[in-house]
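Worksheet: the structure to be examined is printed underneath.
The values are calculated or read from the model by the stated rules, or taken from the named source; none is laboratory data. Small disclaimer: the values here were computed from a predicted structure and weren't measured. Methodologically, a virtual Cβ is constructed for each residue, glycine included, from the backbone with ideal geometry; neighbour enumeration extends over all protein chains shown.
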Amino acid sequence: MDVWLKILFYISAFIIVWAMIGYPLSLKVISNLYKTKRLEKNFSHTPSVTVMVVAHNEEKVILDKLHNIVSLEYPKDLIEFLVSSDNSTDKTNEIVKDFIRSFPEHNIRLFEVKARKGKTNAQNEAHKTVTTEYLIMTDANSIMDKSAVSELMAAFTSEEIAYVSGRLSIINHDVSDVSSAEASYWDGDLASREIEGRIQTITAGNGALYACRTKDYNDFNPIQCHDSAMPPYYALQGKRAIANHDAIAYEKAGEVIEDEFGRKVRSNRVLLSQILPDFRILNVVKYKWFTYFYLGHRTCRYLLWIAHFVLLMTNIFLVDDHFIYSMALVGQLLIYSLGLYRAITKSKNKYLTLIYYYLVTILAQWVGVYKIISGEAKPFWEKAESTR
């Protein structure tokens, strides 16, 4: 019995350490082996493009978004704009229609989705009306840099590249400790994605800004999100999903823990199926670095919820076996206690906040798993007001 407990203990410990420390460090080592490999760009590549904005009850931000997209620096005769309104019941549609009437010189269309089924479904439906060569997707509350479209298109330097993700820049990182912790998380994750994409392919994108060829678009199940579904989908086709972090979208992170927790629960609505979405990923001979990237970056992170539970449970049974297990248990209890202390006192200490934020992330995974098992996971959600 002790042997199995120890095996489970060390496997769980490895998953946690590798996901948070080992994998990012290994990427830095691997990156040194590919110093000469750089992101290639071709700014003469200016195909026809549709910028799609998905919105549900975004009356607070949609006008700013419309002004933002029509000011993008790209040949006017090669760019179209499409707002896919996911059954909006506020003034979103009215604002878009008024804007279209006021600025007839811009090629803007409103596509009204009749039944609310979430962002991915709204993209699936609206995509069928797109006739341009490329499709760029962006969120209603994200403000795109003027050069974002040019940067995304410049990164499609070959047919091998099927997907390009931009960079999400958090603009309110100094407003609260919660938004600061989220910005720190993104900084680390972006560094990993830059290396993955430069070497072969990224394992996930971000919903604020990304692009694909219109002909390569796939109708995913509405419960899925493009962030996690698209890059693996293309990688398994032998194509590349890359990141061009010079294509920037500016967005607010949640400023209160309730908003960030809710967002993380939503992002985990298909967590169980993401652990290993396709067994072909294990074919390292065929998929090479993508296998390593996915298992290290995604699979290990998607297993953190159960890894922490198993580590604690096995540690309790092994505590008298060796002083190492005693120290490990003290360490775990200390981490949980510090997180609880931060939750109760709302301390502004940077390190306590990072611990607290990490534990909230793990709790969000547990809630996400519960919703999946109970059938409560939905393809749509209520937006976080502090991000608007």
Qualifying position, being surrounded by 16 or more Cβ atoms within 10 Å (Cβ to Cβ), within 27 Å of Asp227 (Cβ to Cβ), among the aromatic types (Phe, Trp, Tyr) and without any contact (Cβ under 8 Å) to a residue 60 or more places away in the chain, among Tyr357, Tyr287, Tyr294: Tyr287
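Let's see how each residue does on (1) small (Gly, Ala, Ser); (2) over 30 Å from Leu295 (Cβ atoms); (3) modelled with pLDDT of 95 or more:
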residue	(1), (2), (3)
Gly22	yes, no, yes
Ser26	yes, no, yes
Asn32	no, no, no
Arg38	no, no, no
Phe43	no, yes, yes
Thr46	no, yes, yes
Val51	no, yes, yes
Leu63	no, yes, yes
Say we look at the stretch 63-79 and pick out the residues that are surrounded by fewer than 17 Cβ atoms within 10 Å (Cβ to Cβ) and of a type outside the set (Ser, Thr, Tyr); which of these is nearest to the chain's Cα centre (by Cα)? Asp64
Qualifying positions in the stretch 121-142 - touching a helix residue (DSSP H, G or I) at 6+ places or on another chain (Cβ under 9 Å), crowded, with 22+ Cβ neighbours inside 10 Å and not in a loop (DSSP other than H, G, I, E, B): Gln123, Tyr134, Leu135, Ile136, Met137, Thr138, Asp139
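Can you say whether Ala191 is surrounded by fewer than 18 Cβ atoms within 10 Å (Cβ to Cβ) and under 30 Å from Tyr356 (Cβ atoms), as far as the supplied structure shows? Steps first, please.
On the way: surrounded by fewer than 18 Cβ atoms within 10 Å (Cβ to Cβ): yes; under 30 Å from Tyr356 (Cβ atoms): yes.
It is true that Ala191 is surrounded by fewer than 18 Cβ atoms within 10 Å (Cβ to Cβ) and under 30 Å from Tyr356 (Cβ atoms).
To keep it simple, each residue is scored yes or no on (1) in contact with a helix residue (DSSP H, G or I) (Cβ under 6 Å, 6 or more places away or on another chain); (2) in a helix (DSSP H, G or I); (3) aliphatic (A, V, I, L, M).
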| site | (1), (2), (3) |
| --- | --- |
| Val3 | no, yes, yes |
| Lys6 | no, yes, no |
| Ile21 | no, yes, yes |
| Thr36 | no, no, no |
| Lys41 | yes, no, no |
| Ser44 | no, no, no |
Test Val149 against the stated conditions and say whether it is surrounded by 19 or more Cβ atoms within 10 Å (Cβ to Cβ), among the β-branched types (Val, Ile, Thr), in a helix (DSSP H, G or I) and touching a Gly at 6+ places or on another chain (Cβ under 7 Å). no
In the stretch 66-85, is there at least one residue being out of contact with any His (no Cβ under 9 Å at 6 or more places or on another chain), modelled with pLDDT of 95 or more and under 25 Å from Asp189 (Cβ atoms)? yes
Having 1 or more residues that are modelled with pLDDT under 95 is the bar; report the helices (runs of 4 or more DSSP H) wholly within the stretch 235-292 that clear it. 257-267, 271-274
Single unsatisfied condition, Pro47 versus (1) touching a Ser or Thr at 6+ places or on another chain (Cβ under 8 Å); (2) surrounded by fewer than 19 Cβ atoms within 10 Å (Cβ to Cβ); (3) free of Cβ contacts under 8 Å to residues at least 40 places away in the same chain: (3)
Lone qualifier among Ile195, Ile171 - being among the aliphatic types (A, V, I, L, M) and modelled with pLDDT under 95: Ile171
Taking the stretch 230-242 as the region of interest, how many residues are surrounded by fewer than 21 Cβ atoms within 10 Å (Cβ to Cβ) and farther than 21 Å from Glu133 by Cα? 1
Condition test on Ile306, is it among the hydrophobic types (A, V, I, L, M, F, W, C), surrounded by 20 or more Cβ atoms within 10 Å (Cβ to Cβ) and either outside any strand (DSSP E or B) or touching a helix residue (DSSP H, G or I) at 6+ places or on another chain (Cβ under 6 Å) (or both)? no
